[in-house]
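The values are calculated or read from the model by the stated rules, or taken from the named source; none is laboratory data. Quick caveat, the model's predicted, so the values are computed rather than measured. Cβ atoms come from the backbone with ideal geometry, glycine included; neighbour counts cover every protein chain shown.
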Amino acid sequence: MAYTLEQLNEKYDLELEKVVKEIVKTKAKLVLLQFPDGLKLYATAVVDFLEEKTKATFLIWFGSCFGACDTPVGLEQIKPKVDLVIQFGHNELMPSY
C-alpha cells in the first residue's frame, strides 16, 4: 500500500514548505531525510513532494531514529557529500505551555 502526502497531512504538519526553503537557501544538492519509525511509511511521498519543489537529490535514512539527538553515524563516508540533514519528528522540539 502506498501512503500519500494527503494521509500524512491529516495527522501531522511536517512543515514541508520550510524544508523546501531551507534546501533552496542552502543550495543543497544531496539531502538526507531522517524519520522516526512511525513516519517512515510516508518517506517516499515526502521525497516525491520535495523533488517537485527543489533540484536536490534525496536519501532516506532507514536506520533507527530515537529523537533529534540521534543523528546518523558515518555520513562522512557517503560520496558525494551530504549537504543537509533534515530530521522529522512527531512533535515540536519545544512544547508550548
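Couple of notes before you dig in:
- Residues in segment 24-53 that are of a type in the set (A, V, I, L, M) and within 11 Å of the chain's Cα centre (by Cα): VAL31, LEU32, LEU33, LEU39, ALA43, ALA45, VAL46, VAL47, LEU50.
- Residue check for ASP37: exposed (fewer than 12 other Cβ atoms within 10 Å of the Cβ), without any contact (Cβ under 8 Å) to a residue 24 or more places away in the chain and farther than 19 Å from ASP83 by Cβ: no
- Set side by side, the residues GLU15, GLU52 differ, and just one is modelled with pLDDT under 95, more than 17 Å from LYS81 (Cα to Cα) and not aliphatic (A, V, I, L, M), which is GLU15.
- Hey, ALA2 small (Gly, Ala, Ser) and either surrounded by 13 or more Cβ atoms within 10 Å (Cβ to Cβ) or touching a His at 6+ places or on another chain (Cβ under 9 Å) (or both) or not: no
Rundown of residues vs (1) under 14 Å from LEU84 (Cα atoms); (2) in a loop (DSSP other than H, G, I, E, B); (3) at pLDDT 95 or above; (4) among the aromatic types (Phe, Trp, Tyr), yes/no style:
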residue: ASN9; (1), (2), (3), (4): no, no, no, no
residue: GLU22; (1), (2), (3), (4): yes, no, yes, no
residue: VAL31; (1), (2), (3), (4): yes, no, yes, no
residue: ILE60; (1), (2), (3), (4): yes, no, no, no
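Residues are listed down the side, and each one gets a yes or a no for (1) over 20 Å from THR44 (Cα atoms); (2) charged (D, E, K, R); (3) modelled with pLDDT of 85 or more:
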| site | (1), (2), (3) |
| --- | --- |
| GLY74 | yes, no, no |
| GLN77 | yes, no, no |
| PHE88 | no, no, yes |
| GLU92 | yes, yes, no |
